[in-house]
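The values are calculated or read from the model by the stated rules, or taken from the named source; none is laboratory data. Predicted model only: the values in this text are computed from it and were never measured. Here the Cβ is made from the backbone with ideal geometry for all residues, glycine too, and neighbour counts use every protein chain on show. When the accessible area is computed, the model is the full protein with side chains, heavy atoms only, and any ligands, DNA or RNA have been set aside. Shrake-Rupley method; radii C 1.70, N 1.55, O 1.52, S 1.80 Å.
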Amino acid sequence: MPVTKWLEQNVSPRARLAVLGAAVLLVVAPFFPLWQITMFAAQFPEGLRMSIFAHKIVGGSAGADLQGINILNHYIGMREIQAADFVEMKFIPFALGVFFLIGLRAAAFAKVRDVIDLTVLFLYFSAFSFGVFWYRMYSYGHSLSAEAPIKVAPFTPPVLGHQHIANFDVYSYPGIGTILLMAFGLGLIIVLGLEARRSRLLQG
């Protein structure tokens with residue numbers, strides 16, 4: 001079957017329900033952290049935790065951990081971590097709402113091209129958001145004050161995984177919100193794969 005014809009093909013009712021179900025994940029994701037950062041040291045054996053949501057930053061221990069992290073950062077000359085610096089937080093909730101509406105449209109019209117458009121746009125959005133997050137971490141660690149009491153070489157806090165910084169072990173991993181968003185993208189890819197297989201079987 002020519003690609004152009006396949007793009008205009010209606011997806012199966014099962015695939016339509018799958019796209020609709022995946023779109024619901026976009027509504028749930030903002031209620032959970034997108035990223036989790038935890039810092040351990042001898043003086044903080046239980047760790048200092050920071051959760052990054054789509055629209056806010058929350059410290060562990062009822063917010064006290066974020067204050068503690070900012071106090072420690074002050075000693076090495078790093079500026080205070082605050083939601084106002086994360087400009088992307090202003091558009092991520094809006095973007096997720098747009099993707100949800102596009103998902104509803106794709107499920108309603110049920111064309112292969114609609115699902116492909118949604119998948120490509122979401123993958124671009126995901127890559128762009130991750131890139132912005134990395135740059136944010138880079139700028140925090142490379143804009144240290146020269147007048148800081150403790151001198152530390154410029155660094156990039158870990159975006160994914162573990163890193164030893166000064167006397168701290170820092171761990172950074174995706175939160176439940178990001179896992180839900182990844183499930184959304186993976187669900188769309190699976191739908192397209194199954195629809196391509198169904199099309200081949202119909203032609204065979």
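Tabulated values for the structure
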| item | result |
| --- | --- |
| Cα centroid separation, segment 23-60 to segment 150-179 (Å) | 13 Å |
| Carbon/sulfur fraction of accessible area - the chain, other protein chains in place, 1.4 Å, % | 68 percent |
| Per residue accessible area in Å² of the chain, where ligands, DNA and RNA are left out and the probe is 1.4 Å | 56 Å² |
| Lys, Arg +1 and Asp, Glu -1 on Cβ, resulting dipole of the chain about Cα centre, debye, nearest 20 | 900 debye |
| Additional length obtainable on full extension of the chain from Val132 to Leu7, 0.36 nm per residue less Cα span | 41.8 nm |
| Residue-count net charge about Ala106 - beta-carbon cut-off 13 Å; Lys, Arg +1, Asp, Glu -1 | +1 |
| Ranked by how many other beta carbons lie within 10 Å on average, peptides 126-132, 33-39 from highest | 33-39, 126-132 |
| Pairwise label distance in nanometres, Arg200 with Val58, each label 7 Å out on the Cα-Cβ vector | 4.5 nm |
| Cα long-axis angle, helix 112-141 against the chain (0 to 90 degrees, to the nearest 10) | 10 degrees |
| Using θ = phi - 60° and Karplus 6.51 cos²θ - 1.76 cosθ + 1.60, couplings along segment 147-157 (whole Hz; Gly, Pro as x) | 9, 5, x, 10, 8, 10, 5, x, 8, 10, x |
| Per-selection Rg to Rh, segment 128-204 - Cα, Kirkwood hydrodynamic radius | 1.30 |
| Positive-end extreme of charge dipole, the chain - chosen from Gly175, Ile52, Ala108 (charges on Cβ) | Ala108 |
| Sum of -39500 (n - 2.57) over DSSP H runs of 4+, divided by residues of the chain (222 nm, nearest 500) | -18000 deg cm²/dmol |
